[in-house]
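Only one structure is covered here, and it is reproduced in the block below.
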Amino acid sequence: LAFGALILSAQLTEAQSANCGPHDAVVARLATGYNESRQVVALNGSNGILEIFAAEDTGTWTIVITRPTGVACIVAAGEHYQYVGEALPNTDPDA
């Protein structure tokens, strides 16, 4: 049983590393391979950076999380990206 868990853990680590790399390399691959550029950037609760890359001409999109160490991982990707451009709601009661 322990051996099976070890093999599964190794496979998961290998799968995760296949989707991770230096931030610059991941961004370059998205640009050259998919014509995607950064559309959204935000800070997540773990002090990581969440970025959404998309190609308006093809509609492909990719979500990348970059850890504070600089390692960037692709966590999701898909098709049919559409920019909506809705205004953010005013949450300041004194405005």
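The values are calculated or read from the model by the stated rules, or taken from the named source; none is laboratory data. Quick caveat: nothing in here was measured; it's all calculated off a predicted structure. Methodologically, a virtual Cβ is constructed for each residue, glycine included, from the backbone with ideal geometry; neighbour enumeration extends over all protein chains shown. Note: areas computed on protein heavy atoms with side chains; ligands, DNA, RNA excluded. Shrake-Rupley method; radii C 1.70, N 1.55, O 1.52, S 1.80 Å.
Structure notes:
- Remark: Glu51 matches the filter, which requires a residue to be within 23 Å of Leu88 (Cβ to Cβ) and either at pLDDT 95 or above or surrounded by 10 or more Cβ atoms within 10 Å (Cβ to Cβ) (or both).
- Scanning the stretch 37-95 for residues that are within 15 Å of Asp24 (Cα to Cα), assigned to a loop (DSSP other than H, G, I, E, B) and touching a Pro at 6+ places or on another chain (Cβ under 8 Å) turns up just one, Gly70.
- Annotation: of all residues in the stretch 34-48 being small (Gly, Ala, Ser) and surrounded by 11 or more Cβ atoms within 10 Å (Cβ to Cβ), the one that is farthest from Val84 (Cα to Cα) is Gly48.
- Restricting attention to the stretch 13-28 and to residues that are out of contact with any strand residue (DSSP E or B) (no Cβ under 8 Å at 6 or more places or on another chain) and open to solvent by 100 Å² or more (accessible area, probe 1.4 Å), the residue that is modelled with the lowest pLDDT turns out to be Glu14.
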